[in-house]
Amino acid sequence: MIRFLEHAGVAGLLLCGGVASAVAQTPCDTCIFDVHRLGEATATGHRQHHTQNVAAKTLSATDIRRNLGNTFASTLTQVEGVSLVQTGATIAKPVLHGMYGNRLLIVNNGVRQQGQQWGADHAPELDANAAASISVVKGAEAVRYGGEALGGVVLLDAKPLPYGRRTVDGTVSLLYGSNGRRGALMGMADGAFSLRQGDAAWRVQGTYVNGGDCSTADYLLNNTGMREANLSAAAGWMRDHWTVDAYYSLFTTKIGVLYSAQMGEIELLKERIRIGRPTDVKPFSRAIDYPHQQVVHHVARASAAYRWDSGARLRVQAAWQHDDRQEFNLRRNYRSHVPTLDLGLNTLDLDADWKHTYAEHWTSEAGTFFHAIDNQNRPGTGVVPIIPNYTQQNAGGFFIQKYARPHWGAEMGVRLDHRRLSARGSDLYGHLYGGRTQHTNLTYSLGMHWHATPHLDLLTHFGTALRAPHVHELYSNGLEQASGLYAVGDSTLRPEVSRKWVVSARYHRPRLSASVDLYSQWIDRYIYDEPTGEIASMVSGFYPIFRYRSANAWFRGFDADIRWTCLPRLEYAVGGSMVWAEERSTGRYLPFIPPLRLSQSLTWRIGSWGKWHDTYVKGTHRFVAKQTRFDPATDLIPYSPPAYHLFGLEVGTTLTLSPRQRMHLLLTADNLLNRAYRDYTNRFRYYAHDLGRDVRLMATWEF
């Protein structure tokens, strides 16, 4: 466990001596009322942690509800510029502008998500259904959030607690999905009551998902079922200038891993890659056998804020997270029930921030923070851990100054933070390895927006970031189970240094809206893994070896979307994104960069009949190009998958049951034509195709 008492003195000085990280910023600190039309929903006035000087898009509660039963990462692909890096059918991580994992920070209800996100086969340990909005911030937000925001930030915000309301409101959603024969149930309720001193409010929410073997267009993917059971609760108290609230969430999941990734002899590995699909397909099963993953993730947060009549606000927050991850493999001598990986992660975050608007046009923010991490491998696995035990402490502060006029605004920020890492492990032969490292980072950012005309907004943002290498990149030496690869780190790796520039334009008319984001990012010592051509021999089989290295890299690209109401009830939307990435000195292409993606939809809004309203029919099309900008030397096979087209259909309507009750009905079909395809950023494309047709029926009762 983290030596909390040892660090408490340092943390107390930081909190008392200043005021804190924007990570601790409440969802209500910065309100932006830009309207982003995503899918059928309009996200308006959601409270976000970013300003008008940063390019961002927001998913509404309707967009989130529409994706019940899907992965969190697939929900984010509704935003242009976001794609996936997948490990099979049910494990996915979001990718923004080619960045994912430890370069894309997730902030869940005001708390930095801290799990085992270093692994490509480790999905984020959170329940998106507990959020009322999800914002994707595309600028490098290192000043506000630190080096893990080098690629951007994903912000999940819950609804504000309903202080002063005298009714209990809520929703219940039921879903059935044909692919995997999965079912999902989600419920939420909230309310408020008065106390002798102030007002109180509460909210509870839960999600349950149960699915069996997923399928491609032609065959089943055995042992790809999943279970998920989540719970969250929040409570708050408000009086005069004070607001105090607390939050707790529990996330649990069990995910099956495709049998094809677990090889026996080396010739079988080569044969599976050559065939590109499982050779032995069993009947559908809902059971999850070995190999599989089990994860339990706890989050607890408490915060207090005080607001002065002058408009200044001081807020302090403490958050604790505990993550248990176990991975099971097929083992000899009836030992499959013993995990091959058993990790326990504890984190403590202490933050405080101060904000004040004055002299009509000026706003200042300042803060300090202290974050501590303790990660331990539990003994008894009989396997050398892939990463060593380690502890990490981060401390520092930031300052942001903003200036706003009616038609333009600007901001600048600076951040100083210090990281201390201590790692210790032993290899197969009992030799100790690891060490201690320290890094002190100074980062800054500049941003500006301009309302050029009543219909045109322009903005630009430039930010620097420094990300120290993760323990996994430094010291890993073991099997990434779900990926089916053997990872080897490099202890000589140095921190990444990034400079990212984003230029955006937004055009708004009643019948036509468009947006475009152009970005360029230079990263010194960009860290990535690539195959060495060697094979690792283990008791469970033979696996390709991937080794971490670094190179000076250049990322650039664009995101764009257009929405046109061509007829009063007919809307057409088209969007696309592209990333170019290579080493600056050699021009060598970087691996696992998403290719060109285009999407379009045509929506017919039928209108209302009696108690039925908001009825619509939508057809969708997605095109993903063949990735031609890749180096065969950095892949297991010397070619990338061909381009593919996917079509979909969506029908939705709402039934008014009473003045306070409504029923939303939704029928969707993804991959409607049941196309067989492979995605370049799916690490299981060597062994199987991607998912086939999925028809989902969902009903949501609002009360």
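The values are calculated or read from the model by the stated rules, or taken from the named source; none is laboratory data. Remember, predicted model here, so these are calculated numbers, not experimental data. As a convention, Cβ positions derive from the backbone with ideal geometry for all residues, glycine included, and neighbour counts pool all protein chains shown.
Where residues in segment 291-329 are assigned to a loop (DSSP other than H, G, I, E, B) and within 27 Å of the chain's Cα centre (by Cα), which of them is modelled with the lowest pLDDT?
As a first pass, look at segment 291-329 and keep what is assigned to a loop (DSSP other than H, G, I, E, B): 291, 308-312, 329.
Cutting the leftovers down to within 27 Å of the chain's Cα centre (by Cα) gives us 291, 329.
Details: 291: 91, 329: 87.
Filtering first and then ranking leaves 329.
Just the residues that are over 17 Å from residue 699 (Cα atoms) and touching a Leu at 6+ places or on another chain (Cβ under 7 Å), please, taken from segment 164-189.
Residue satisfying the conditions is 179 alone.
I'd like to check something: does segment 68-78 contain any residue that is free of Cβ contacts under 8 Å to residues at least 40 places away in the same chain and either crowded, with 24+ Cβ neighbours inside 10 Å or under 10 Å from the mean Cα position of the chain (by Cα) (or both)? Give the derivation first.
Going residue by residue through segment 68-78, those that are free of Cβ contacts under 8 Å to residues at least 40 places away in the same chain are 70, 74, 77.
Add one more test, that the residue is either crowded, with 24+ Cβ neighbours inside 10 Å or under 10 Å from the mean Cα position of the chain (by Cα) (or both), and what stays is 74.
Yes; the residues of segment 68-78 include at least one that is free of Cβ contacts under 8 Å to residues at least 40 places away in the same chain and either crowded, with 24+ Cβ neighbours inside 10 Å or under 10 Å from the mean Cα position of the chain (by Cα) (or both).
So is residue 145 surrounded by 22 or more Cβ atoms within 10 Å (Cβ to Cβ) and within 30 Å of residue 483 (Cα to Cα) or not? Can you show your working first?
Numbers: surrounded by 22 or more Cβ atoms within 10 Å (Cβ to Cβ): yes; within 30 Å of residue 483 (Cα to Cα): yes.
In short, yes.
For the condition touching a residue at least 12 places away in the same chain (Cβ under 8 Å), surrounded by 14 or more Cβ atoms within 10 Å (Cβ to Cβ) and farther than 20 Å from residue 147 by Cα, what is the one hit in 414, 383?
Details: 414 fails: farther than 20 Å from residue 147 by Cα.
Result of the check over 414, 383: 383.
Could you check segment 654-671 and list, in sequence order, the residues that are farther than 17 Å from residue 68 by Cβ and surrounded by 18 or more Cβ atoms within 10 Å (Cβ to Cβ)? Before the answer, list the steps.
Step one: of segment 654-671, the residues farther than 17 Å from residue 68 by Cβ are 655-661, 671.
Listed by number, the list holds a single entry, 671.
Does any residue of segment 511-518 turn out to be surrounded by fewer than 16 Cβ atoms within 10 Å (Cβ to Cβ) and at negative phi? Break it down stepwise before answering.
Start the filter on segment 511-518 by keeping residues that are surrounded by fewer than 16 Cβ atoms within 10 Å (Cβ to Cβ), which leaves 511-512.
Then drop every residue that is not at negative phi, which leaves 511-512.
Yes, segment 511-518 has at least one match.
Test of understanding: among 517, 490, which residue is among the acidic types (Asp, Glu) and in a strand (DSSP E or B)?
Working: 490 fails: in a strand (DSSP E or B).
So the residue among 517, 490 that is among the acidic types (Asp, Glu) and in a strand (DSSP E or B) is 517.
May I ask you to verify whether residue 231 is in contact (Cβ under 8 Å) with a residue 24 or more places away in the chain and closer than 20 Å to residue 678 by Cα?
On the way: in contact (Cβ under 8 Å) with a residue 24 or more places away in the chain: yes; closer than 20 Å to residue 678 by Cα: no.
No: the conditions fail for residue 231.
Tell me which residues, restricted to segment 546-567, are crowded, with 16+ Cβ neighbours inside 10 Å and among the hydrophobic types (A, V, I, L, M, F, W, C).
546, 551, 553, 554, 555, 558, 560, 562
Just for segment 81-135: of the residues that are outside any loop (DSSP other than H, G, I, E, B) and polar (S, T, N, Q), which one is nearest to residue 473 (Cα to Cα)?
Initial filter on segment 81-135 (outside any loop (DSSP other than H, G, I, E, B)): 82-86, 92-96, 99, 101-108, 111-112, 128-130, 133-135.
With polar (S, T, N, Q) added as a condition, the list becomes 83, 86, 102, 108, 129, 133, 135.
Values: 83: 23, 86: 19, 102: 11, 108: 25, 129: 32, 133: 33, 135: 28 Å.
For segment 81-135, the residue satisfying everything is 102.
When you go through 378, 405, 420 one by one, which is the residue that is more than 30 Å from the chain's Cα centre (by Cα), among the charged types (D, E, K, R) and surrounded by fewer than 19 Cβ atoms within 10 Å (Cβ to Cβ)? Write out each step before concluding.
Numbers: 378 fails: more than 30 Å from the chain's Cα centre (by Cα); 420 fails: more than 30 Å from the chain's Cα centre (by Cα).
Just one listed residue meets the conditions, 405.
Restricting to segment 619-665, name every residue that is of a type in the set (Lys, Arg) and either closer than 30 Å to residue 169 by Cα or in a loop (DSSP other than H, G, I, E, B) (or both). Explain how you work it out, then say what you get.
To start, the set of residues in segment 619-665 that are of a type in the set (Lys, Arg) comprises 622, 626, 629, 660, 662.
Result: 626, 629, 660, 662.
Going by the conditions given, is residue 350 touching a residue at least 24 places away in the same chain (Cβ under 8 Å) and part of a strand (DSSP E or B)? If you could, list the steps in order and put the result at the bottom.
On the way: touching a residue at least 24 places away in the same chain (Cβ under 8 Å): yes; part of a strand (DSSP E or B): yes.
Judged against the criteria, residue 350 is a match.
List the pairs whose first member sits in segment 441-469 and is farther than 19 Å from residue 398 by Cβ and of a type in the set (D, E, K, R), whose second member is modelled with pLDDT of 95 or more and in a strand (DSSP E or B), and whose Cβ atoms are under 7 Å apart, counting only residues at least 6 apart or on separate chains?
These pairs meet every condition: 457/449; 457/451; 457/506.
So, in segment 330-347, how many residues would count as being in a loop (DSSP other than H, G, I, E, B) and closer than 20 Å to residue 254 by Cα?
Number of matching residues: 8.
Might you check whether a residue that is in contact with a Cys (Cβ under 7 Å, 6 or more places away or on another chain) and part of a strand (DSSP E or B) occurs anywhere in segment 594-613? First the steps, then the outcome.
First, pick out the residues of segment 594-613 that are in contact with a Cys (Cβ under 7 Å, 6 or more places away or on another chain): none.
The answer is no; no qualifying residue exists.
Kindly indicate which of 154, 143 is closer than 30 Å to residue 554 by Cα, over 16 Å from the mean Cα position of the chain (by Cα), not charged (D, E, K, R) and not in a loop (DSSP other than H, G, I, E, B).
Answer to the selection: 143.
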